[in-house]
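Okay, structure first, notes after.
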Amino acid sequence: MRKAVPSVITKVKARQILDSRGIPTVEVDLHTNKGVFRASAPSGASSGMYEAIELRDGEKGTYLGNSVNRAVKNINEKISVALVGMDPTLQSQIDQVLTDLDKTENKSELGANAILAVSMAACKAGAAEKEASILSQFYT
């Protein structure tokens, strides 16, 4: 009997979508041998001075400055390269890579919206690989 090949992250692809309020947000498809796992970054209605920074483009001509194309580019060009080949069941290692890639305290380089969407998609992928609930990923 052949043992199943462990799943690895094979691709991470992001795009800009509109949330339920019509505000741009980041959506990520994280691919593994087991499938494609999608997540989008929720955008809070308010933000405090100590919260991580959502990366927005600031160009007033596009969604009143709220587009997230820079965050999408960071995922497609920086985060994707760092995560391809990683085991999706190792949530804490994935989150550490994401944290290490953005060396700022408030996540203003890559954007908290980019980091969160990728982390959530990886969480779904890891849970599917383990055939377990998403909650189980918080303890790995």
Per residue, the convex hull volume that the Cα atoms of segment 58-100 enclose (Å³): 82
For segment 48-140, which trypsin sites (Lys or Arg not before Pro) are both in a DSSP coil and crowded by at most 15 other Cβ atoms within 10 Å? Lys60, Lys103
When the chain is reduced to its Cα atoms, the Kirkwood hydrodynamic radius in Å: 15.4
Among Met120, Met49, what is the fewest-to-most ranking by other Cβ atoms within 10 Å? Met49, Met120
The computed P(r) of segment 71-128 puts the percent of Cα pairs beyond 15 Å at 41
Above 20 angstrom, tally the Cα pairs of segment 1-83 and express them as a % of all pairs, no decimals. 44
Sparse-neighbourhood loop sites, GluC sites (Glu not before Pro) in segment 16-89 - DSSP loop, at most 13 other Cβ within 10 angstrom: Glu51, Glu59
For segment 35-140, which chymotrypsin sites (Phe, Trp or Tyr not before Pro) are both in a DSSP coil and crowded by at most 13 other Cβ atoms within 10 Å? Tyr50
Please list 3J(HN,Hα) in residue order for segment 104-116, calculated via the Karplus relation 6.51 cos²θ - 1.76 cosθ + 1.60 where θ = phi - 60°; whole Hz, with x for glycine and proline. 7, 5, 9, 6, 7, 7, 8, x, 4, 5, 5, 4, 5
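Coordinate-derived values only; no laboratory data. All of these numbers come straight from a predicted model, not from anything done at the bench. So basically every Cβ, Gly included, is an ideal-geometry build from the backbone, and we count neighbours across all protein chains shown.
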